[in-house]
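Report on one structure; see the data block that follows.
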Amino acid sequence: NKEAREQLQQLQARLLTFYDLLGAHPRATSSQIRQAYLREAKRWHPDKAAKEDKALATQRFKDIAEAHEVLRDAQLRQLYDLYLQYRQQGYIDLHDPEDVNGAHGGIVQVPFEGWSDFRRILEGG
C-alpha cells in the first residue's frame, strides 16, 4: 500500500542522521564529508531518477544538501553533534534566565522537535 510505504519512508528519514545520509562516519574529516556529499548527490540527483522515483530522489537530494551544509561548517557540525546527544530525550536543559536567585535550580527543560527546532532554540531564534 502506497500510504504505508510513504509513512515508513518518513519514519526512516526521521531516524537517519546527516552522517547516515552522506554515508560518512561521525569522525570524518571535512574532506571526507565533501567526498561523501559528492558521491550521494550524484547518486540521488533527480535528473537520474526514473519517473516514479523522482519525488523520492528530489527529497533525498535536498536532505543530502542540507546534511552537507551543516556538516561542512565546524560550528554547525558541533551544534548538530550536540543535537544527536539530546534527540532521544526530546529536550535540553538550559540556564533559566528568569531564575536569578537559583531558587528553582536555575535550569529549565526546553523541548524540541527535530534538528531545525533544536538549532533555532540554541541559536536564539
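The values are calculated or read from the model by the stated rules, or taken from the named source; none is laboratory data. No experiment lies behind these values; they were computed from the predicted model shown. Cβ atoms come from the backbone with ideal geometry, glycine included; neighbour counts cover every protein chain shown. Quick note on the areas: whole protein, heavy atoms, side chains included, nothing else; ligands and nucleic acids left out. Shrake-Rupley method; radii C 1.70, N 1.55, O 1.52, S 1.80 Å.
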Legend entry - Pairs, first more than 12 Å from ASP81 (Cα to Cα) and crowded, with 20+ Cβ neighbours inside 10 Å in segment 17-33, second modelled with pLDDT of 95 or more and of a type in the set (Lys, Arg), C-beta under 6 Å, six or more apart: ILE33/ARG72
Inset, instruction - Answer yes or no: is there a residue in segment 54-71 that is outside any helix (DSSP H, G or I) and open to solvent by less than 70 Å² (accessible area, probe 1.4 Å). - result: no
Inset, instruction - Would you mind telling me which numbered condition in (1) in a helix (DSSP H, G or I); (2) modelled with pLDDT of 95 or more; (3) surrounded by 14 or more Cβ atoms within 10 Å (Cβ to Cβ) GLN78 fails? - result: (3)
Inset, instruction - Please indicate, with yes or no, whether at least one residue in segment 50-57 is touching a residue at least 40 places away in the same chain (Cβ under 8 Å) and closer than 24 Å to ARG119 by Cα. - result: no
Inset, instruction - Filter segment 23-47 down to residues that are of a type in the set (A, V, I, L, M, F, W, C) and at pLDDT 95 or above and give me whichever is nearest to LEU71 (Cα to Cα). - result: ILE33
Inset, instruction - Evaluate segment 87-110: report whether one residue or more is surrounded by fewer than 15 Cβ atoms within 10 Å (Cβ to Cβ) and among the basic types (Lys, Arg). - result: no
